[in-house]
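So the structure is just underneath, and the comments pick up after that.
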Amino acid sequence: MTGRPDLMASTVGGLPLSSPVVIASGVWPYDPALWTADRLEGVGALSTKAVSLAPRAGNLGTRVWETPCGMLNSIGLQNGGVRDFMERGLPVAESAGRPFLVNVVMESEGEVSECLAILGGQRERIPAVELNVSCPNVDGDGMAWGMTARSTAKAVAVARRSWDGPLWVKLTPQAPDLAGAARAAEAEGADAVVCGNTWLAMAMDLQKRRPAFQRVVAGLSGPAVFPLALRTVWEVCGAVSIPVIGCGGVASWEDAAAMLLAGASAVEVGSALFTDFDLPRKIADGLMKYTAAAGIESLSGLVGLGRKNHEGGERR
Amino acid sequence: MTHRAPRDFPAEVVENLRLDGKTTALVLRCPGVASTAEPGQFVMLRAGTGNDPFLGRPLAVADLSGDRFTVLCRTVGRGTELLSSTPAGAELTVRGPVGTGFWSARRGVPLPKTVHLVGGGVGMAPLLFALRRLDGTAVGRVILGVAGQGWEGLTRWAGERIPSLDLYSQDGTLGRRGLALDGLPEGLPDEEEIWACGPEGMLRALTKRYPGDLGRIRVALESRMACGMGGCLGCVLPTTSGNRRVCSDGPVFTAEEVLWDDRSA
């Protein structure tokens, strides 16, 4: 690597990151061979696969579908439940020697409280929690918790009561008022918001002449969604004071730089790791060179610079 | 065999052999895969480094030689067409080797006295590689089944490599008329196994043919998949021990483990 790796370090939402690149939830398996230093070059932190209170078998039928510059997934949060995570996932996550977030599914209020209490029982082993509010609120109207500011507030409040460590909230881009949802998360004590998650979409199977997925809709990710995600990051960064982690289609250091210029303090990468294990190192390396070339002192000098320049700090 | 997670490598196309209209053998120079791959393992192969097509295509290793390995690519869409038309000298990107192969999947169970190999179409690829590793003595019947017209190149290519190949085609234009399963023995003695790879229908028919011997039928499965590292859970398969990943727990399973009726067609 060239440049000054130490300049890439920062603390984001209570989590010390050696690089602003976080591996997004749903991507990295608990394969010990992949949680070693040489496989995680450039990675500041990892978010685990989604963890729910009880085991979930996930969805039936087709689960992934390639699209132009991206893919759809309908995995259905398959996981062995929080107790299985504590027994088998956590030791692997700890073995990497770098921060990680346990991605917790916002199920019912009771379930998420119990799940977080179990994690809290080993608080010293778990650096942070990332609350996934994209799941249906079965206590309420059945819409995803993150769809409105009000239900987001409720979800974050419940989580905040049950977990006293760093709490990131992963918003859903389906929310019509995403800035409002982000503000609600901040008001209820989130340490950071992750903006955002996959985009609801669908595919038709022309051979079978029916929707490709049993649940019809699925989540779109990959470079195809990057410009959409960047727009939401811009909006959310204008609405909150807590750190924002940009997530959606990041597949190059240039994408990451754009997210940071828009105000994100870090980025999450997901689908792009399916084609390039080395992406986090490339992003960290690229950002280092970019900041050095621009004469920017450190990563924090890049965060939000695009906003400042737009708002008149620098005339076009 | 110790577990190794797959890695990403550049791979130079050394030879591009268009076998017939839709089948291509690609010989790739890639020491990282060629030095460690086991029969039954595969690679995720991508043309170029752009974003479209986005995902790699899972293709079984069909042969190894020095720092090279061979895959068989049947054109089914734009991704496989791009791979098939990559000329010698150009570079592809490879993630691999991926999966649990025929040997690792045994978890210490010794090889049987005789192994019959039965492939459908380009499903013959991992079996060709297995045949090399079986060193000839333990091999019973080696059968390739194809639809017929349009498969001349693959059948010729496979025949050149396997003098004892039994060839079947549904339309009778190549080898004997019939299905690959027609070439298998009536019963399956305890000391024999069948290793198979091919279309889902062929594998299901195999399970119906030997309902009492499913533990000795080992199948290399295909699936849609995205990550090729066991992470996305896009390729899971219902088995007697719950959902398992075709990409990393498999692709080789015993026919007994697979819950065929719960598997989406």
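Take the residues in region A:29-51 that are among the charged types (D, E, K, R) and more than 21 Å from A:Lys170 (Cα to Cα), then tell me which one is farthest from the other protein chains (Cβ to nearest Cβ). Taking the candidates together, the pick is A:Glu41.
Here B:Arg74, B:Arg78, B:Arg95, B:Arg68 are screened, and the one residue that is surrounded by 24 or more Cβ atoms within 10 Å (Cβ to Cβ) and not aliphatic (A, V, I, L, M) is B:Arg95. Restricting attention to region B:234-265, and to residues there that are among the small types (Gly, Ala, Ser) and over 15 Å from the mean Cα position of the chain (by Cα), which single residue is farthest from the other protein chains (Cβ to nearest Cβ)? Ranking the qualifying residues of region B:234-265, first place goes to B:Ala255. The lone criterion from (1) under 29 Å from A:Trp35 (Cβ atoms); (2) touching an Asp or Glu at 6+ places or on another chain (Cβ under 9 Å); (3) at pLDDT 95 or above; (4) polar (S, T, N, Q) left unmet by B:Thr70 is number (1). Can you spot a residue in region B:163-183 that is among the acidic types (Asp, Glu), in contact with a Ser or Thr (Cβ under 9 Å, 6 or more places away or on another chain) and on the phi < 0 side of the Ramachandran plot? Within region B:163-183 (the criterion being among the acidic types (Asp, Glu), in contact with a Ser or Thr (Cβ under 9 Å, 6 or more places away or on another chain) and on the phi < 0 side of the Ramachandran plot), the answer is no, since none of the residues qualifies.
Results for (1) hydroxyl-bearing (Ser, Thr, Tyr); (2) closer than 19 Å to B:Glu192 by Cβ; (3) more than 14 Å from chain A (Cβ to nearest Cβ); (4) out of contact with any Cys (no Cβ under 7 Å at 6 or more places or on another chain), shown as yes or no for each residue.
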position	(1), (2), (3), (4)
B:Thr70	yes, no, yes, yes
B:Arg74	no, no, yes, yes
B:Arg78	no, no, no, yes
B:Gly89	no, no, yes, yes
B:Gly99	no, no, no, no
B:Lys113	no, yes, yes, yes
B:Gly121	no, no, yes, yes
B:Leu131	no, yes, yes, yes
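The residues listed here are B:Pro163, B:Pro112; of these, the one that is over 16 Å from the mean Cα position of the chain (by Cα), assigned to a loop (DSSP other than H, G, I, E, B), in contact (Cβ under 8 Å) with a residue 40 or more places away in the chain and outside the structural domain of B:Glu12 (by the TED database) is B:Pro112. Checked against (1) at pLDDT 95 or above; (2) within 14 Å of chain A (Cβ to nearest Cβ), B:Gly215 meets all criteria but (2). When restricted to residues that are within 11 Å of chain B (Cβ to nearest Cβ) and either under 20 Å from the mean Cα position of the chain (by Cα) or touching a residue at least 40 places away in the same chain (Cβ under 8 Å) (or both), region A:67-96 contains 13. Residues that are β-branched (Val, Ile, Thr) and touching an Asp or Glu at 6+ places or on another chain (Cβ under 6 Å) within region B:1-58 comprise just one, B:Val27. Screening A:Val138, A:Val82, A:Val112 for residues that are among the hydrophobic types (A, V, I, L, M, F, W, C), more than 30 Å from A:Ala251 (Cβ to Cβ) and modelled with pLDDT under 95 leaves exactly one candidate, A:Val138. When A:Ala54 is tested against (1) facing another protein chain (nearest Cβ under 9 Å); (2) farther than 30 Å from A:Lys289 by Cβ, just one condition goes unmet, and that condition is (1). When B:Pro6 is tested against the conditions (1) within 14 Å of chain A (Cβ to nearest Cβ); (2) under 20 Å from the mean Cα position of the chain (by Cα); (3) surrounded by fewer than 19 Cβ atoms within 10 Å (Cβ to Cβ), the lone failure is (3).
I'd like to check which strands (runs of 3 or more DSSP E) are fully inside region A:161-262 and have at least 3 residues that are within 14 Å of chain B (Cβ to nearest Cβ).
Strands (runs of 3 or more DSSP E) meeting the threshold: A:217-221.
The set of residues in region B:15-51 being touching a Ser or Thr at 6+ places or on another chain (Cβ under 9 Å) and either part of a helix (DSSP H, G or I) or within 14 Å of chain A (Cβ to nearest Cβ) (or both) consists of B:Ala34, B:Met44, B:Leu45, B:Arg46, B:Ala47, B:Gly48, B:Thr49, B:Asn51. Within region A:48-65, how many residues turn out to be among the charged types (D, E, K, R) and in contact with a Phe, Trp or Tyr (Cβ under 6 Å, 6 or more places away or on another chain)? Summing the residues that are among the charged types (D, E, K, R) and in contact with a Phe, Trp or Tyr (Cβ under 6 Å, 6 or more places away or on another chain) in region A:48-65 gives 0.
For region A:133-180, give me each residue that is among the charged types (D, E, K, R) and crowded, with 21+ Cβ neighbours inside 10 Å. Of everything in region A:133-180, just one residue is among the charged types (D, E, K, R) and crowded, with 21+ Cβ neighbours inside 10 Å, namely A:Lys170.
Residue check: B:Glu186 meets all listed conditions (1) crowded, with 17+ Cβ neighbours inside 10 Å; (2) free of Cβ contacts under 8 Å to residues at least 60 places away in the same chain; (3) more than 14 Å from the chain's Cα centre (by Cα) but one, namely (1).
B:Pro58 satisfies every condition listed in (1) within 21 Å of B:Phe102 (Cα to Cα); (2) surrounded by fewer than 20 Cβ atoms within 10 Å (Cβ to Cβ); (3) within 14 Å of chain A (Cβ to nearest Cβ) except (2).
Taken over region A:193-248, the criterion of being among the aromatic types (Phe, Trp, Tyr) and more than 22 Å from B:Asp52 (Cα to Cα) is satisfied by A:Trp234 alone.
One residue stands out among those in region B:148-160 that are in contact with a Ser or Thr (Cβ under 8 Å, 6 or more places away or on another chain) and part of a loop (DSSP other than H, G, I, E, B): the one that is farthest from B:Glu193 (Cα to Cα), which is B:Gln149.
Taken over region B:245-262, the residue count meeting the criterion of being under 25 Å from A:Val27 (Cβ atoms) and either surrounded by fewer than 19 Cβ atoms within 10 Å (Cβ to Cβ) or hydroxyl-bearing (Ser, Thr, Tyr) (or both) is 1. Of A:Gly26, A:Gly14, which residue is away from chain B (no Cβ under 14 Å) and at positive phi? Being away from chain B (no Cβ under 14 Å) and at positive phi holds for just one of A:Gly26, A:Gly14, which is A:Gly14. If you check B:Ala226, B:Ala196, B:Ala220 for being in contact with a Gly (Cβ under 8 Å, 6 or more places away or on another chain), within 14 Å of another protein chain (Cβ to nearest Cβ), under 29 Å from A:Asp31 (Cα atoms) and touching a residue at least 40 places away in the same chain (Cβ under 8 Å), only one passes: B:Ala226. For region B:132-147, filtering for residues that are under 13 Å from B:Trp103 (Cβ atoms) and either assigned to a strand (DSSP E or B) or within 16 Å of the chain's Cα centre (by Cα) (or both) leaves 3.
The values are calculated or read from the model by the stated rules, or taken from the named source; none is laboratory data. Owing to the predicted nature of the structure, the values given are computational and were not obtained by experimental measurement. Here Cβ is always computed from backbone atoms with ideal geometry, including for glycine, and neighbour counts include all displayed protein chains.
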